[in-house]
Amino acid sequence: MKVGFFQFRPLFGKPEQNCKKIVTALSDVDADLIVLPELALSGYYFKDKDETLTYAEDPDNSRNLDALSALAAQRNMHFVVGFSEKRGQQCYNSAALIGPNGIEHIYRKIHLFNEEKFCFDPGDIPFTVNEVNRMKIGIMICFDWAFPEAMRTLVAKGAQLICQPSNLVLTFCQETMLARSIENRVFIITANRYGEDKRPQGSLKFTGKSQLVAPGGALLHRAASQRDAVFITDINPVDADNKMITKHNDLFKDRRPEFYI
Ligand code: ACM
């Protein structure tokens, strides 16, 4: 299964331009699944919910998401792409699984980071596992990394590959994902952005270093910090089905939930 990521620098408030950038960069890739950053169409650092809604996409009426669906059909592939999702006056920090027939699933970020709490409604859809060419994938977004329950839930539901669109500003996530992959024995793609959103309310710098981790915490690839990067590699998703960490320890069967809160 050919999987990977596209790391780039979305321009704030320029959804059409960002969409064109994605379509151009991926117009001739050969892959089953590519993961893109969080809020890849709109940029990140909104000042309030009204501004967030201005640059949001209604999935039922979005030329940008339609353009990504057309690319998925043309290349016979799937994307996981972060976007700002408008539903009436509700706005979610979402990620869509897009395939040749259009949007197959939308995940809405459950753990909002910092000022996102003033710009988005919290996610209201349970963590879900979807199939892409028989590979089982689970989606979480960026700051969900700080809640181990997010990935645990997806892997307990059968996910073999975690897709994590990100706009990371803290420096801990990339290393933390190595531990998550040891404790869950799962593939993880963190697709991060780079660059800076300079806004009247302040400035945020994003850390790049998108990466792909294999079950057991092996770092297969990490991109540079501040540069565009397309990375694709072949993985065998069933490698994630073996949960044995020693001959006598299954990381899921050995859990003792009666002792946990
Ligand atoms: C983040 O969740 N975008 C830090």
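Worth pointing out:
- Matching residues in segment 62-89 - criterion: being charged (D, E, K, R) and touching a helix residue (DSSP H, G or I) at 6+ places or on another chain (Cβ under 7 Å): Lys86
- For segment 151-180, a tally of residues being in contact with a strand residue (DSSP E or B) (Cβ under 9 Å, 6 or more places away or on another chain) and either hydroxyl-bearing (Ser, Thr, Tyr) or under 18 Å from Leu251 (Cα atoms) (or both) returns 15.
- Only a single item in (1) of a type in the set (Lys, Arg); (2) away from the ligand (no atom under 15 Å from the Cβ); (3) out of contact with any helix residue (DSSP H, G or I) (no Cβ under 8 Å at 6 or more places or on another chain) is not met by Arg222, and it is number (3).
- Checking each residue in segment 160-169 for being within 12 Å of the chain's Cα centre (by Cα) and in a loop (DSSP other than H, G, I, E, B) picks out Ser166, Asn167, Leu168.
- Of all residues in segment 146-172 being touching a helix residue (DSSP H, G or I) at 6+ places or on another chain (Cβ under 8 Å) and within 8 Å of the ligand (Cβ to nearest atom), the one that is farthest from Phe6 (Cα to Cα): Leu168
- Test result for Thr176, within 16 Å of the ligand (Cβ to nearest atom), surrounded by fewer than 24 Cβ atoms within 10 Å (Cβ to Cβ) and hydroxyl-bearing (Ser, Thr, Tyr): yes
- In segment 101-135, of all residues being surrounded by 23 or more Cβ atoms within 10 Å (Cβ to Cβ) and assigned to a loop (DSSP other than H, G, I, E, B), the one that is nearest to the ligand (Cβ to nearest atom) corresponds to Lys109.
- Number of positions in segment 136-145 that are away from the ligand (no atom under 16 Å from the Cβ) and either of a type in the set (A, V, I, L, M) or touching a residue at least 60 places away in the same chain (Cβ under 8 Å) (or both): 2
- Selection of first residues in segment 231-243 that are surrounded by fewer than 13 Cβ atoms within 10 Å (Cβ to Cβ) and of second residues that are not hydroxyl-bearing (Ser, Thr, Tyr), restricted to Cβ pairs under 6 Å at least 6 apart or on distinct chains, gives the following pairs, ordered by first then second residue: Asp234/Lys2.
- Residues of segment 136-159 satisfying the condition of being assigned to a loop (DSSP other than H, G, I, E, B) and crowded, with 24+ Cβ neighbours inside 10 Å: Met140, Ile141, Ala159
- Restricting segment 1-51 to residues that are part of a helix (DSSP H, G or I) and β-branched (Val, Ile, Thr) leaves a set whose member that is surrounded by the most Cβ atoms within 10 Å (Cβ to Cβ) is Ile22.
Rule-based calculations on the coordinates, nothing more; no lab input. No experiment lies behind these values; they were computed from the predicted model shown. When we count neighbours, we look across all protein chains shown, and the Cβ atoms used for this are built from the backbone with ideal geometry, even at glycine.
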